[in-house]
1. Which of the peptides 3-9, 45-51 is most tightly packed, and how do the rest follow, going by the mean number of other Cβ atoms within 10 Å of each residue?
2. Could you check the spin-label model distance between ALA59 and VAL19? Points 7 Å from the Cα along Cα→Cβ, value in nm.
Amino acid sequence: MRIALFGASGQLGKAIRGVSSNSGQEFSDEIQIESMSRSDMRVDHAVLYQRLVEVQCDAVINCAAWTDV
């Protein structure tokens with residue numbers, strides 16, 4: 001399974017990346033995380049859609065957050 005992870009450099013995104021890369025986890029060989037940072041998401045919808053198609057993701061996890069609220 002290939003997962004696109006938005007907000008990969010944030011607190012929650014780092015935690016998810018840490019679990020997925022932990023060699024003690026049984027699922028780490030079956031799941032590939034495609035980390036997407038803020039710069040990857042600063043595009044229009046068509047470009048973002050094309051990026052998701054290129055990496056052939058099965059799922060998207062959105063960990064992106066707005067902290068200036």
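1. The most tightly packed comes first, giving 3-9, 45-51.
2. In this crude spin-label approximation the distance works out to 1.0 nm.
Laboratory data are not the source of any read-out in this text; all were calculated from the coordinates shown. The structure displayed is predicted, hence computed values, not measured ones. Virtual Cβ from ideal backbone geometry, glycine too; neighbours counted across all protein chains shown.
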